Structures are given as C-alpha cells and as structure tokens.
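To start, the structure under review is shown below, and the notes come after it.
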Amino acid sequence: MSPPCQSSSSSHGDRASTETLQRNNSSNSGVILDISALKMADVDSEVPPLPPRYRFRDLLLGDQTFQNDDRVQVEFYVNENTFKERLKLFFIKNQRSSLRIRLFNFSLKILTCALYILRVSLDDPKDINGNPCSALCRNNSWTNASESPEIKWELIFWVNRRVSVWAIQVTVAFISFLETMLITYLSYKGNIWEQIFQISFILEMINTVPFIITIFWTPLRNIFVPVFLNCWLAKGALENMINDFHRAIQRTHSAMFNQVFILICTLLCLVFTGACGIQHLERAGKNLSLFDSFYFCIVTFSTVGYGDVTPQIWPSQLLVVILICVALVVLPLQFEELAYLWMESQKLGGNYSRHRAQTEKHVVLCVSSLKIDLLMDFLNEFYAHPRLQDYYVVILCPTEVDIQVRRILQIPLWSQRVIYLQGSALKDQDLMRAKMDDAEACFILSSRNEVDRTAADHQTILRAWAAKDFAPNCPLYVQILKPENKFHVKFADHVVCEEEFKYAMLALNCVCPATSTLVTLLVHTSRGQEGQLSPEQWQKMYGRCSGNEVYHIRLCDSKFFGEYDGKSFTYASFHAHKKYGVCLIGVKREENKSILLNPGPRHIMAATDTCYYINITKEENSAFIFKQEEKHSRGLPVTGLYDASSRLPVHSIIASMGTVAIDLQNPDPPEEGSKLTLPTENGAGSRRPSIAPVLEIADSSAILPCDLLSDQSEDETNQSDEEGSVGSDFVKGYPPNSPYIGSSPTLCHLLPQKAPFCCLRLDKGCTHNSFEDAKAYGFKNKLIIVSAETAGNGLYNFIVPLRAYYRPRKELNPIVLLLDYPPDNHFLEAICCFPMVYFMAGTIDNLDNLLQCGIIYADNLVVVDKESTMSAEEDYMADAKTIVNVQTMFRLFPSLSIITELTHPSNMRFMQFRAKDCYSLALSKLEKIERDKGSNLAFMFRLPFAAGRVFSISMLDTLLYQSFVKDYMIAIARLLLGLDTTPGSGYLCVMKITEEDLWIRTYGRLFQKLCSSSAEIPIGIYRTESHMFSSSECKESYAQSQVSINVEQGEEHRERGESWKEKTAHRNSTTSDQSEHPLLRKKSMQWARRLSRKSTKPSSRAERISQQRLNLYRRSERQELSELVKNRMKHLGLPTVGYDEMNDHQNTLSYVLINPPPDTMLELNDIVYIIRSDPLAHVPEDSQVGQARGARNQQDFGTETRDETHL
C-alpha cells in the first residue's frame, strides 16, 4: 500500500522526510521517484545535504514526509509498511539479521543445557529439607512407600537449586519466553491453535513458564523443570541457523551434508535426553551419576548391553522403553534417507572440493558418454608421464556411470585419482562442481559412436563455448569429428579433427606403407618392453623400437645436440644418431613459432633452437657414461672421432624403467673412413663405392636439395611420347575450391582447366569421353580405390596428400571413390581440379561394383568405416559388416592390399581371419600376456596392425592427450601427414632397398648416405619377411586346444619360394625368411607349441593325409572363387586378363621399426621412411620462370583461384 504524503514548510519536516527517503532506499522497501528534473529551467531549487544515517528509533516512528514544495514523493512498498512487517523483516525475512537472532537463540538453549548439568553436579539428593513442600512430598513418599518403598517421589519432583543458578535460569527463561512469543506473533497466519500445538512451542512453555512462576511464588523455586529438553530446541535452531547462513552467503550445502548433520544431531539429542532423564529418575532409586547414565545410554543405543549399569525403578525403566521406541522409529527413517541420498550422490558423483582444487592439480574430461575403452586409453596415456602422477582427473559426463566404468574406478589405482561427476558442461553449477576455473586443462571429446556425427560436433562446440565462457584461462583440448566444424573451436589451445587425420593417414598408407602404424606408435607412450620375452626376433626388435617417441629440448641445454651449435642440421642429425642413437627430425627457431621438419643442410643450428628428436626416452631421463672423460681423468691420450682403427661399435638403445643408460664409447669408423669399398659380388661397379662424409656447413655444389624438383622438371620436359598424353597437361598450384573453412593450402598437381562433373563419373560415359570402366581409361599406374558411405569433406584430405607437388608426376595413382551415395555438387566442385580423380556409386559388398571400378587393376583398397554402422546395440558389433565384407574381398582378391578402418581397435584380430592358423593363435596369447603386463599397445603384435592393413581412429586419441605434456605433437603429426605445409619444412616419403643398395649394409651407413647425398633424414624401416604360417587342424582334447604343426605344409611353401630365394641370395642371414632357414622356422613352430596349452604329439600318417585333403579343399575353394569372379567379369564385358587368384601375400609378415639402432642390417625390399627437405626452400632464381609459367596457366579457374607460389 502507499503511505499518505504530507507537506510541511518547516526545516525539521524537510530533514525528517529526507531521512525517510534514505531509510526507504537503504532497506529496499520502497522506490522514490524524483520529478524535480521535470521542472522549468528557471526554477532554482537547492538539494538539501544528506542527513545522518537513520537510527533504530526511525524504525519505530513511522513515516515522515517532505515539506519541499518542489519535490513530490512517491513510495512503492514491496511489503506493508507497518510495525509488524518491519519486525518480521528484521527477525525472519532478512537473512543476516535472522541469522544473528537464531545464533542468539541457539546460544540460549546451549546455555540452559549447561546450567542443567551445573545444577546436577551441585545437587545433593539427600538434602531436601530446604524445600517448603518437603513435608507434603514426604507424606506422599510414605504413602507410596507402602506400595513401593524403593521409590522416593520427593527426589523426583524437587531438587536443590542454588540461588545464583536459579537467577540465571530465570533470566534465560524470561528472555526465551519473550522471544518465543514474539516469533509466534510474527508467524501468526490466522490459526492460533496451529501455533500453540507446535512441539517447539510446547517445549518452550514447559521450560520457561515454571521459572517465571517461581518469581512470584517462591516455594516453587526448587521444583524440577526438564530443562535438558532444550537440546531439541537447540537442534532445530542450529538447523535453521545453517540454512540462513547458506542463504546469506548465496551458497547451498549438499543434501548429503544436511542429512548427516540431522542424523548426528538426532543421535546426540537422544543420548543427552536419555542420560539426563535416567539420571534424574534414578535419584529416587539407585542414584546414578550423570556419567553412569550417559554410559548406559551409549551401551544401550549401540545394542551392546553389558548390563553392569541398569535402571532400578520402574519410571526410569519406562523412560528407557520410550527412548528405545522413539529411536526405533526415528533413526531408521534418518538412515534410510541418508542411504538414499548416498546412492544418489554416487550417481551424481558429488563435488570436487575447493580446498583440493586449490592445493592439488587436476584436469577435467568432458564427454557425452563414457565407455570403458575411452576411459582406459585416456588414463593409461595421461598417467604414463611421470610428472602427471599427482594430478587428479575429474570426469564430467551427463549420463549415469556405466557398471564397467564403475568397477574400473573402484580399483585402488584409479579410485584415489579419478572422480566421476554426473553433470553437463553447459551448466555453470556442474562446472563449479568440477572446479573448472582451477583446472590445469579441460579435454572435450566428441562421441564418435553417434549416427549423426554433425550433431555430435554441435554438442562438442557448445561444451567448448561453455567451458571458455566459465573459465577463460583454462586451456582447452578439443576433439572434433568433421573438418567443417573445426573453425568454431579455433580459439581452443589444441584441436584434433578426426576426419582430417583419418583420411590423410589412410592416403599416406597407399604411398608410404604402414604410415598409420608408424604414427600410432609415435603417439603412444611405451617403454619398449613389449615382446622382449618372445623367442621371435622380429617381435623383440619391433617391440623395442615401438618405445620411440618424439621429444624436444633446447640446443644449449642438450648433451645430444649441444656440440653441434653452428653446424648444419643434417650434420647434427647424422652425428647425433651415430653417437647417441637419437634421430633429430625437426627444429624451431626462437623467433619463429613454426616447426620445420628437416629444414635441410642450409639450416645452421643455433643455441636457442628447439630440437625435436625421436628416441626411446627423453634426454632428461638418460644417464651418460663418457669414456673419453674417464681417459682424461686417468691421464690417457684421447683419440679423435675418426682416429682409432677399431671396429664400429653396436649402438643399441636399451630401455629401462624410467632411465636409459647410454654407453658413449668413441664411435670410431673403420680405418678407411668414408672409403667403403663396394662388394664385387653385387656386380654394381658403376655405383660410387663410397659414402661421402656429412659436411658441417652446406656446400651448394655437393648437396642437391632440389633433387626432387629437378626430377619434376624432367617430368615436365623429357617425358616419353606414351606418357606425354597422361601427364603433360598438369600444372602446379593451389586448389581453387576448398570444401570447408580452415583447410591448409597445399601446392598440388592440378588440371589446367576444371573437369566437367560428367567426366568425374567412372562407370558412365559422357559427351567428352565414352569410357565406362577403369580398363578403358588405360591407366599407367595402379589404382587407389576408396570405399566410403558419403562424400564428406574429409575425403578432400585423402586426395590432397596424393596430389601434393612433391609427388613425382609419373608416380601419381588414379583415385576412384566408391561411394554408397552419390556426392553433391559442392564436393565435386572441390575435386574437379585434381587430375585422375573419379567417383562411382556402389558398395564393396557388390562384386559388380568392385569389378567396374577396376579392383583387379588396383594396388590399394581403402575401406572407410561407415557412420551408419557406428551405433549398434552391442558396441563392438559396429564393425561386423565391414569386417565380413573385407574378409570376402580378401578371399576373392588375395593380391590386393586392403587398408581398413575400424571403430574398435579390439576388432582388428578378426581382420584376415584364419580359424586354423596356429601362428595367429600364438599371437593372440602373446597379446593377452602383454595386456596382463599393463601394456598400452597390447594389440601391436597383431599382424594386420603391424603391417599397416588396419587402423582405428580411436588409436589417435592419445595424440590429444599427449599434447598436454608435448604441445608440439599435433603440429608435428600434421606436418608428417601433409595436412600442413610450412615453407621450409620437409615431408614424409619412402625409398625401397633394392639389390643394388645392399652394399650399404647397415642402417647407420644408410643414414650417412642419405644425409650426405640428398639431405634426407631416415626415421624408420618397413620390413617384410617371408614366414611360414602353419594351417593345421586344431583339435580339442581334455577341453583344451592343441596345435598340430605340419612340417610338410612348410616344405610345400618352401618349394614354391625357390625362385624368390634365388633373388635374395645375398640377403643378410640375421633376419632372413623362415623358408630359407629351417632352424628358425623350427623355433617358430616350437614357440607356437609352447604357447598352446598342451604339447602336441608327432603327426601321424592319417594326419598327413587329412592335411593333403585340406590343401586340395583349399585349392578347389580358390578355383571356385576364381571362376565366380571371371564369370562376373565376362557378364560385365570386362577382360579377364590380369586377374591372378594365386598371387597372394599370405605367407609374409610386415612390421615397422622406428629409429632402429645404427648397426641394424638392411634387407632386400626394406622400405625406409625418410623426411625429405622442402624442394622449394632454396630454389635458384632462374628456376622460378618455368614454374611461374605453369602457375599462370591456372588463371582459367577464375577469380576464386588462390595466389600461386612462384617457383
């Protein structure tokens, strides 16, 4: 309601009205509208000075109004401006004032309980003569004594209360009575009986009214009053006080805390009430002390019941019965509520405490749904680094925790470090629970198992925005699925786009075998201990080299590279590998933020450069033993680097638990130094028989950094007539149309003019050409076929690395996109500028589609995981269709190299599955052994993964996790895969070891050869060995599988490989093929028997006959499949020439050796991974003319063409 406005001309009224204005404004009970600004300008009125702050008497005086004629007061009150409302606001509604009132009330109740204990301690039950009514009580006790002589009722109704104690109790009771009546009056809402019959009001009256009566009637001063019941009033006051406290500070405590607090208070009140009540009633009997009564209550409520202290009279026994009944009713309800809240809090995960967030370090992991594989990959990779052992991981997930995840989180290894919170990253409350603002980092992962991956990206984007809005200073590590959504989260510190990496890796797998395995091993943390207990030599070497990772260090702080300050990059890389076994792959200048892979010999190392190298462990964890320093200390002469005439030592990398001890002996070469004579039996007398030394400073006449560029120019000018029609019209430039925002510009081979969309269709002719199948095009190189569900923007990153400018033009492979659904014009607009890129609508489960797209002329078939199959009722069944289709193609086209992407890495054991292959069974047992040891790469020994034939994008999740410790890993991976092209940075390619290259002998000499001749840095070897996979019948005996190894099958394969052995006669015997060395093959078979559960008996004649029948059956099955394929080819009008069903690679195994030791022997057909320097980094001026002319031809693309790079 609005109060009346009064006006007065006195100064006193003006001051009072001003004070009223300030009071109303301060208490937020009204709003004053000042309209003096609406007066005319000629009216001059002075604003009176501000009055002093209002006092409490103003609260009682009521309203005062202004007397200023120039102002009009308008007050709008939220509450009634009455005396009752003001008191109600002060005592109840205002949180801070009511908190003080409740605190005062709680103190009064505690004081009364303390006074009761004081009175009991000073009371003597034997002295009741001071009571005026003692005679009456004595008569009553005598009357009752005739019935029950043990009970002295006067001791129950009367006590000895000293005057000082009585005075204090009366004062406290009077104050409590007034406060209770005032609160009752303010809380009155029309029903007086509801207020009177409240338990709290009744208890107040019982504990206060008798004391007030004793003021006027002195004989009742020693009457007993159950003041100990005030403990229940104190309990209620404490609960209200805590609620007001959290209202005042604008924070809410958890329901779990509230319930625990109520339960504890209830137990204390029951024990205190029982102890005081029993003690008082036993005054008439055994006269127990207060401590004995407390002891009895504790023993009783804990259900122990010793029986040494018991109540003796029936009133106290009745009180015990009442207390037990109350406890049986109240406590179970409290415990049930507590258990329910505890279960709910377990689902929600509780909170991450502020104290722990401020004293300990933690990271937050935000996911849509948490699977066991994702959790274990993150935890194993995150905690693999020693300096992260003390970090906490807070998982924020909107779904309820999975049962398997709950079991993992209950393991002591993770239960103390991993906290699961159920909540949404879009709610500030949940981010507050996770203490996001105090986190060291926030990882936001997308749900790749969603059918709609775009919707999953949208959720990730919103989570990233919410985290950035709530905690702007928290580093963000974001995983995005589709490249077109990447620019929405470009503000994040680190972003990994799944489809970008996936397609670029699959593309490089076609030209650089097993690139996916190489990168996966590099981004996984391992100590190189996998496979060391295996009798297989290749598994030991493969497992040891898998422990290599990328590390960084400043040159001035490094013992590896510190001595190469002022030397060329290739000189530092070669000598560091020769001396320490580390591979220097890149460098970053202090003034430049870009990492350069193999910047070439013209890059001079500086003390401030950051070096990036591959090694089994980082330099800080290495122990150096310098033999030269020992010679200095002993006074012995020190030999130079090339002085001694000793044999080249074996520089092997020995991995240990956390520290690597490298014995740095003087790496002296043979006496002839760089004069390594060529073996005469190789017959390569025309080759230069020695390896030139790597120069400290680049010599432009000796180093040919533009060797690749000269090859390309030769392709442009000196092509033969038969190749001129294929590649003579290609130009170099930047693709004019990018399918999404944020793609890195890459110089590529392009068509001079865009190809019409109709010409991109492989299986249908048009007005420009009449070709309807791959055979009609007459491609010179093998095809690369990509099977995908849709033409997403990620496919663009598959084409770009295969059409990059550094790929020789004569080696470009035609690319055929086999799509389930035809692409849209937007995608065709992006790919129509690339040469030899076609598409076709079809699926891999249709044989006709495979034959039409030219699968018999293909060298690689890439099968991309389909989005529609990623979401299955059973998680691991998402790959079922892909695995079966690939297995069918594996049987139909054995010579085809099939590269498959799977959703779950654990399903790779089904790739190229052979049910009766005992060697695969042995590898399966080895995988289980490595998993039991806690290896993060237990699947690495699976043959399809080791050979680079299978890949799962989830294996690259560790790339994002490693970026928390190594912030350069994403940049290096993008440079290796060709996703980014930094000027001056090299690129990944391969070279094959032929018979003419075997004279180099070792990997260390090859390192020197490449660094001195073409300034290339080798980083690993892809090795293929011939192996005998015994395919015998696996029997079941005693419920255990036994393996029957058939030697005749190996003999048959050995005869088949005679022609191949003649070509490899000069191969080194250390790791030669199994068919050439029966002893090694025998060891392999013995290992397979040892890993089986029981040893096998010698094969009998019947078993040999059954094996021959099996071989005949296999041959007939192959012939049947061959006839099926040829019949379909004839039906489609395709020539059957070129289909060779018997040319398979089933008897070979391949694996990757990352940064092998320098003494590793080279073998025939080894493929060496090398980082070649940028051919455009140091191009002479005169060579720019020809390239610029070719770039100008791209102007036909129109105005949307990007700026070309002038060569």
Open item on the list: So if I average 1/r over every pair of distinct C-alpha atoms in the stretch 499-602 and take the inverse, what Kirkwood radius in Å does that give?
Closed with: 16.1
- [ ] Would you kindly state how much longer the chain becomes between Leu338 and Thr171 on full extension, computed as 0.36 nm times their sequence separation minus their alpha carbon distance, in nm to one decimal?
- [x] 56.2 nm
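Order Asp457, Asp123 by their accessible area, 1.4 angstrom probe, all chains in place, largest first.
Details: Asp457 0, Asp123 20 Å².
Final ranking, largest accessible area leading: Asp123, Asp457.
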Task: 29 Å Cα-Cα threshold exceeded, pairs from Lys618/Lys866; Lys933/Lys1009; Lys502/Lys992; Lys361/Lys427; Lys588/Lys810 - done: Lys618/Lys866; Lys933/Lys1009; Lys588/Lys810
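How much length is gained if the chain between Ser97 and Lys559 is pulled fully straight, taking 0.36 nm per residue apart and subtracting their Cα-Cα distance, in nm to one decimal?
Details: separation 462, 0.36 × 462 = 166.32 nm, distance 6.88 nm.
Going from the current span to full extension adds 159.4 nm.
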Task: Arg602 - accessible surface, heavy atoms, 1.4 Å probe, Å² rounded to 10 - done: 90
Task: Area accessible to solvent at Ser316, 1.4 Å probe radius, in Å² - done: 0
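Between Phe261 and Gln887, what is the FRET efficiency for a Förster distance of 60 Å, r being their Cβ-Cβ separation, to the nearest 0.05? Working shown, then result.
Numbers: r = 63 Å, r/R0 = 1.05.
E between Phe261 and Gln887, to the nearest 0.05, is 0.45.
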Task: Projected label distance in nm at Tyr188 and Ser1013, using a 7 Å step from Cα toward the beta-carbon - done: 10.8
Open item on the list: If you count only protein heavy atoms and use a 1.4 Å probe, how large is the accessible surface of Leu988, to the nearest 10 Å²?
Closed with: 10
TODO: Consider all pairwise Cα distances in the stretch 788-906 and report the whole-number % of them above 25 Å.
DONE: 27
TODO: Quickly work out the Asp729-to-Thr82 label distance, labels modelled 7 Å from Cα along the C-beta direction, and quote it in nm with one decimal.
DONE: 9.7
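Under the 0.36 nm per residue contour assumption, what length would be gained going from the current alpha-carbon distance of Lys925 and Gln317 to full extension? Mind showing how you got there, number by number?
Details: separation 608, 0.36 × 608 = 218.88 nm, distance 7.14 nm.
Stretched fully, the Lys925-Gln317 segment lengthens by 211.7 nm.
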Task: Positive-end extreme of charge dipole, the stretch 718-856 - chosen from Tyr838, Gly794, Ser743 (charges on Cβ) - done: Ser743
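Pop the C-beta distance of Glu1123 and Arg387 into the FRET formula with R0 = 51 Å and round what comes out to the nearest 0.05. The partial results should precede the final answer.
Details: r = 63 Å, r/R0 = 1.23.
Computed FRET efficiency for Glu1123 and Arg387: 0.20.
Say R0 is 60 Å: what FRET efficiency, to the nearest 0.05, do Ser744 and Phe301 get from their beta-carbon distance?
Details: r = 73 Å, r/R0 = 1.22.
For R0 = 60 Å, the calculated efficiency reads 0.25.
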TODO: For the stretch 1151-1165, take each phi angle, set θ = phi - 60°, evaluate the Karplus expression 6.51 cos²θ - 1.76 cosθ + 1.60, and give the result in whole Hz per residue in order, putting x for glycine and proline.
DONE: 7, 10, 10, 8, 6, x, x, x, 8, 5, 6, 7, 10, 4, 6
- [ ] Starting from the Kirkwood radius over alpha-carbon pairs of the stretch 344-455, derive D by Stokes-Einstein at 10 °C in a medium of 1.306 mPa s and give it in µm² s⁻¹.
- [x] 111
- [ ] Please turn the phi angles of the stretch 100-105 into ³J(HN,Hα) values with the Karplus equation 6.51 cos²θ - 1.76 cosθ + 1.60 (θ = phi - 60°), one per residue in order, whole Hz, x for glycine and proline.
- [x] 5, 4, 5, 5, 5, 5
Task: Distant-in-sequence amide H partners of Val990 (H built 1.01 Å from N, under 5 Å) - done: Ile1170
Task: Only Lys, Arg (+1) and Asp, Glu (-1) charged, at Cβ; the stretch 830-977 dipole about Cα centre in debye - done: 540
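The values are calculated or read from the model by the stated rules, or taken from the named source; none is laboratory data. Remember, predicted model here, so these are calculated numbers, not experimental data. Note that each Cβ is placed from the backbone with ideal geometry, even for glycine, and that neighbours are counted across all protein chains shown. When the accessible area is computed, the model is the full protein with side chains, heavy atoms only, and any ligands, DNA or RNA have been set aside. Shrake-Rupley method; radii C 1.70, N 1.55, O 1.52, S 1.80 Å.
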